[in-house]
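Chemist: Have a look at this one.
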Amino acid sequence: MQLKHIAFIFLALSISSCVSKKKYNELGQYYENIENDLVKAQKEIAELKQELALRTALGSDEKELPITTYKFDKINHDFGFIAIGYEYKHTFTFTNTGTEKLVFTSVKGSCSCTVPEYTKEAVEPGKTGTITVKFTPGMPLGEQTKYVTVTANTKRKIAVISVTGTIRNN
């Protein structure tokens, strides 16, 4: 009789342990999702604060920034043959060819392997700025082209620059 009680208690504890692990995993995933959402929200807030600061610096309380123009020295860079997992960088140079300050409101890579860093201050007419693209290739092997979408206070709000490379496995 005692053996049956011990077996029953062992079985009950095993089942509750499985349920607890399942609940723990579900909660862990839940908190991970909340954390990811929080990081995204903080990023969006930082971008909005940056845009507000630029609008304030330009003295523009209007909905739209004054329109200007700019020109890149080149809009594509080919790294040639490159290896998986290494970081490659190229700096694109642009010139504000307009009569108003140039403001980038967004500069985003097409995937997590393509990360742009750019001039965040307003660029005066006639002055130059840069966008440095860090590219860390992964699979698949072969030619890959990655894009960076640039949004600014220009008539054609969006411009696209790109980096290309032929990926080899070392």
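Since every read-out is calculated from the coordinates, none of them should be taken as a lab result. If you're wondering where the values come from, they're calculated on a predicted model, not measured in any experiment. With ideal geometry, Cβ positions are generated from the backbone for all residues, glycine too; neighbour counts draw on all protein chains shown.
Chemist: Relative contact order of the range 92-170: what whole-number percent is it, with Cα pairs under 8 angstrom and at least 6 residues apart?
Modeler: So the answer I get is 32 percent.
Chemist: For the range 129-170, list residues with backbone N below 18 Å from a point placed 7 Å from the Cα of LYS120 toward its Cβ?
Modeler: The answer is 129-134, 150-153, whose backbone nitrogens lie closer than 18 Å to the label point.
Chemist: 5 Å is the cut-off here: which amide hydrogens, built 1.01 Å from N in the peptide plane, fall below it relative to ASP78, excluding neighbours closer than 5 in sequence?
Modeler: Close amide H contacts, sequence-distant or interchain: THR164.
Chemist: By DSSP, what percent of the beta bridges with both residues in the range 70-168 are antiparallel, rounded to the nearest 5?
Modeler: Counting only bridges with both partners in the range 70-168, antiparallel ones make up about 85 percent.
Chemist: Just to check I understand the Karplus step: with θ = phi - 60° and J = 6.51 cos²θ - 1.76 cosθ + 1.60, what whole-Hz values come out for the range 131-141, glycine and proline as x?
Modeler: 10, 9, 9, 9, 10, 10, x, x, 6, x, 6
Chemist: Further question: Which order results if ARG168, ARG156 are arranged by neighbouring Cβ count within 10 Å, fewest first?
Modeler: Going from sparsest to densest Cβ surroundings: ARG156, ARG168.
Chemist: Would you please name the trypsin sites (Lys or Arg not before Pro) within the range 89-148 that are DSSP coil residues with at most 16 other C-beta atoms within 10 Å of their C-beta? List each step's numbers first, then the result.
Modeler: Working: sites: LYS89, LYS101, LYS108, LYS120, LYS127, LYS134, LYS146; in loops: LYS101, LYS120, LYS127.
Here the trypsin sites (Lys or Arg not before Pro) that fit, given the DSSP loop and packing criteria, are LYS120, LYS127.
Chemist: Based only on other Cβ atoms within 10 Å, what is the fewest-to-most ordering of LEU65, LEU141, LEU102? Provide the component values of the computation, followed by the final result.
Modeler: On the way: LEU65 20, LEU141 12, LEU102 25.
Ranking LEU65, LEU141, LEU102 by Cβ neighbours within 10 Å, fewest first, gives LEU141, LEU65, LEU102.
Chemist: Same structure, new question: Excluding LYS146 itself, calculate the net charge of residues whose Cβ lies under 14 Å from the Cβ of LYS146, where each Lys or Arg counts +1 and each Asp or Glu counts -1.
Modeler: Around LYS146, the charge tally is 0.
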